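Okay, structure first, notes after.
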Amino acid sequence: MLSTPTDETRLRILAWLREPGPAAGGVTADAVAEHFALPRPVATTHLRLLEAAGMLRSTRSGGRLCYRRDDIRIAEVARMFEKGW
């Protein structure tokens, strides 16, 4: 999932969501699309793939889907790679 040609965008999304500021509290697909100058369907695909991999969690807020990092899961995956999987 992270090794596909578009992995850089997903890694940039994860990094952006780690930064302090508005993104730290979670973002919508529209916010990701605007921030990274992507079409909304492309942003949605990236967010869904990250969610499916367990890197993001989603919640509904005001009828909109909001995504935020799952730092516990990200740390678990990092440990697996450090151990040689």
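The values are calculated or read from the model by the stated rules, or taken from the named source; none is laboratory data. In this text, all values refer to a predicted model and were calculated from it rather than measured experimentally. Glycine gets a Cβ as well: all are built from the backbone with ideal geometry, and neighbour counts include every protein chain shown. Accessible surface areas use protein heavy atoms only, side chains included; no ligands, DNA or RNA. Shrake-Rupley method; radii C 1.70, N 1.55, O 1.52, S 1.80 Å.
A few comments on the model shown:
- Scanning the stretch 21-50 for residues being charged (D, E, K, R) and closer than 15 Å to Leu11 by Cβ gives a total of 0.
- Check on Leu14, outside any helix (DSSP H, G or I) and either hydrophobic (A, V, I, L, M, F, W, C) or touching a Ser or Thr at 6+ places or on another chain (Cβ under 8 Å) (or both): no
- Each residue in the stretch 17-39 was checked for being assigned to a helix (DSSP H, G or I), modelled with pLDDT of 90 or more and either over 14 Å from Cys66 (Cα atoms) or open to solvent by less than 50 Å² (accessible area, probe 1.4 Å) (or both), and 9 pass.
- Consider the stretch 69-82 and keep the residues that are within 18 Å of Ala23 (Cα to Cα) and open to solvent by less than 60 Å² (accessible area, probe 1.4 Å). The one that is modelled with the lowest pLDDT is Ile74.
- Single residue of Leu14, Leu38 found to be out of contact with any Lys or Arg (no Cβ under 8 Å at 6 or more places or on another chain) and touching a residue at least 12 places away in the same chain (Cβ under 8 Å): Leu38
- Test: residue in the stretch 49-68 that is of a type in the set (Lys, Arg) and either assigned to a helix (DSSP H, G or I) or open to solvent by less than 80 Å² (accessible area, probe 1.4 Å) (or both): no
- Pairing each residue of the stretch 62-75 that is free of Cβ contacts under 8 Å to residues at least 60 places away in the same chain with any residue that is of a type in the set (Lys, Arg), provided the two are 6+ apart or on different chains, yields C-beta distances under 9 Å for Cys66/Arg60; Tyr67/Arg57; Arg68/Arg57; Arg69/Arg18; Arg69/Arg57; Asp70/Arg57; Asp71/Arg18; Arg73/Arg57.
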